[in-house]
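First up is the structure itself, then whatever we jot down about it.
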Amino acid sequence: MSDMRSLAHAAGGGPEAPTMSTTEHIALAETYSAHNYDPIPVVITQGEGAWVTDVEGRRYLDCLAGYSAMNFGHRHPELIAAAHRQLDRLTLTSRAFYNDQFAPFVAALAELTGKERVLPMNSGAEAVETAIKVARKWAYEVKAVPEESASVVVAGGNFHGRTTTIVSFSSDPDAYTGFGPYTPGFRSVPYGDADAVAAAIDATTAAVLVEPIQGEGGVIVPPPDYLPRVREICDREGVLLIADEVQSGLGRTGTVLACEHFGVVADVYVLGKALGGGILPVSAVTADTGVLGVLRPGQHGSTFGGNPLACAVGYTVVQMLREGPYLDRARRLGEILAARVKEFVGAGAVTTRGLGLWAGIDVDPSLASGRQLCELLAERGVLAKDTHGSTIRLSPPLVIEEDELHWGLDRVAEVLARLRRRAPGH
Ligand SMILES: *Cc1c(COP(=O)(O)O)cnc(C)c1O
């Protein structure tokens, strides 16, 4: 054992993957991986802050930031230091025992989100599943909903993850087609329509599950009175409000929780993505004892949830959000982003919207698809991703500098202008 360890150290940590060109990487990946993604043809090998470098040595401004998992940028020194420190001590115990990173993390995250308790998981989808399980159990035990009948109201255009249950209430045919039979117990109503939420609620309803801003939907910001009205309806009907803040939360919009913009406190928060600091998957559900308390030993869990490495990184994320400049940056740079994407309307874009350092741009579909636009941006050194059709999302890391943001937006303007020059009738 000690021989093996010193050998691995001597070799710099064991064998490294072979060096290959972009073309070779893509060919090998497409041969051996499942085709459940259609990546932009860039092979990234390094990252720092808002920038990444590909295997050809080209640099790109990362305006996707891992769908907001990289809110603090690539390899933020504080996060990397926390991870290194923990890697050298202890990485996994399972929840069969306590580990010394667990308590500080759950206490800090509970405080950050204003809740009494935290249930740590790994992926965002797992945390959403956790929230659904908790809501159902709460309905049976607290609300006395008849067995096997609890329902959850969800919004059209949602994205909550990829598990069998979650795709059961997706309205995206790509997400659900071919994956039935579907989990029953969900009612979908149009996003942004509080009256439809009220109409969908009955005596069986456990919860309303909603994204405060729909991320994969295309950075859809609901009408200002939507969440406050849904909150009122939930209070009146005795229904839990579950806010899926996996993408919208943890600084992206300039607040810890996007719900804060609407003056709304949810009963249950679902967090993920940035909670892992861009280092490892860390997700969590936070709620008060009256809700999370319905789970007792053996009724839910995860081998990796609450592991010491995840807790050490998650704890650092919480401290950075509380003490660091990230929320202010997202607000300040977000104003610049909003003003500049507005200028794209009529100049290649049909509509734009956003909040904080987060924007959705609907490209004129007669000019290009979102995908084509992203490929042209990549050629100019900007990484972004279409959400669907002709919509692209910009969500740079919160550590991006103002001049870098302008540089990236100049590239978007350039690509849109070029597409318009080439388009017939423009
Ligand atoms: C990404 C996302 C999820 C799923 O997270 P995974 O870690 O990919 O499982 C859930 N909800 C929202 C709002 C998301 O953006």
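Structure notes:
- Rel. contact order, % - alpha carbon contacts under 8 angstrom, at least six apart, the chain: 21 percent
- Computed from backbone phi with θ = phi - 60° and the Karplus coefficients 6.51, -1.76 and 1.60, the 3J(HN,Hα) list for segment 81-87 is 5, 4, 5, 4, 4, 6, 4 Hz; x is used for glycine and proline.
- Taking the helices alone, the chain has a mean residue ellipticity at 222 nm of -11500 deg cm²/dmol, built from -39,500 (n - 2.57) per DSSP H run of at least 4 residues and averaged over all its residues.
- Of all DSSP beta bridges in the chain, antiparallel share, percent nearest 5: 65 percent
- Solvent-accessible area assigned to carbon and sulfur over segment 113-190 amounts to 54 percent, based on a 1.4 Å probe.
- Residue separation of Arg162 and Lys342 scaled by 0.36 nm, minus their Cα-Cα distance, works out to 61.6 nm of gained length.
- Rounded if a/c under 1.5, otherwise prolate or oblate - the chain, Cα gyration tensor axes: oblate
- Within the assembled protein chains, the solvent-accessible surface assigned to Glu375 is about 70 Å², based on a 1.4 Å probe.
- Accessible surface for the chain, divided over its residues, is 45 Å² per residue with a 1.4 Å probe.
- Sulfur and carbon atoms: percent of accessible area, segment 378-421 [1.4 Å]: 44 percent
- Taking all protein chains together and rolling a 1.4 Å probe, Glu141 ends up with roughly 90 Å² accessible.
- Here the accessible area is traced with a 1.4 Å probe on the protein chains. For segment 286-355, carbon and sulfur cover 56 percent of it.
- The DSSP beta bridges internal to segment 77-323 are antiparallel in roughly 40% of cases.
- Cut-off under 5 Å, modelled amide H: who pairs with Phe186 long-range: Val152
- The listed peptides 33-39, 56-62, 348-354, ordered by packing as a protection proxy, come out as 348-354, 56-62, 33-39 (highest mean of other Cβ atoms within 10 Å first).
- By accessible area with a 1.4 Å probe, ligands and nucleic acids excluded, highest first: order of Glu401, Glu245, Glu116: Glu116, Glu401, Glu245
- Relative contact order computed over segment 101-185 (Cα-Cα under 8 Å; 6+ residues apart), in percent: 21 percent
- Taking 13 Å as the cut-off, the amide N atoms of segment 386-401 that come nearer than this to a point 7 Å along the Cα-to-beta-carbon line of Ile44 belong to 395-398.
- Solvent accessible area, Å² - Trp407, 1.4 Å probe, full protein context: 90 Å²
- Cα convex hull, segment 77-323: 123 Å³ per residue, rounded to a whole number.
The values are calculated or read from the model by the stated rules, or taken from the named source; none is laboratory data. Keep in mind that what you see is a predicted model, and the values were worked out from it rather than measured. When we count neighbours, we look across all protein chains shown, and the Cβ atoms used for this are built from the backbone with ideal geometry, even at glycine. Note: accessible area is taken over every heavy atom of the protein model, side chains too, but ligands, DNA and RNA are not part of it. Shrake-Rupley method; radii C 1.70, N 1.55, O 1.52, S 1.80 Å.
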